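Since the structure comes first, as C-alpha cells, the remarks are kept for the end.
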Amino acid sequence: METSKVTAIAADTGNPKAGLRAVASLRALADTLELRQVEAALRAGMSWQDIADALGVTRQAAHKKHSKRVDPAIATSRRKK
C-alpha cells in the first residue's frame, strides 16, 4: 500500500484496529529507513556522535540500537564510536 494511504489510515481514529496496524507498518518502515541512513552515515565517515546528534538521541542510544544491525561490510575504521 502507498505510504500516504497508510499515513491517512494511521491518522484516522474512526477505525482503531486498522489505525494501529497502519502505525505498526509505519514504525517498521521508519526503523528500516533509519538503519539505512545510519549505514550511509557510517560509510560517509560520520561518527556515532554525529549520527546521534542528527537523530536527537545520545551517542550511547544510537550505538546500542544500531551497532549490531549495521552491515558488517562497512569498514570498522570508519565506524567511530
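On full extension, the segment bounded by Thr58 and Glu34 gains 7.1 nm, given 0.36 nm per residue less the C-alpha separation.
Using only Cα coordinates, the Kirkwood hydrodynamic radius of segment 1-68 works out to 13.4 Å.
Expressed as a rounded percentage, what relative contact order does the chain have, with Cα pairs under 8 Å and six or more residues apart?
Worked out over the chain, it gives 26 percent.
Helices in the chain, meaning DSSP H runs of at least 4 residues, each add -39500 (n - 2.57). Divided by all residues, the mean residue ellipticity at 222 nm is -21000 deg cm²/dmol.
Each value in this text was obtained by applying a stated rule to the coordinates, not by laboratory testing. Bear in mind the structure is a predicted one, so any value in this text is a computation, not a measurement.
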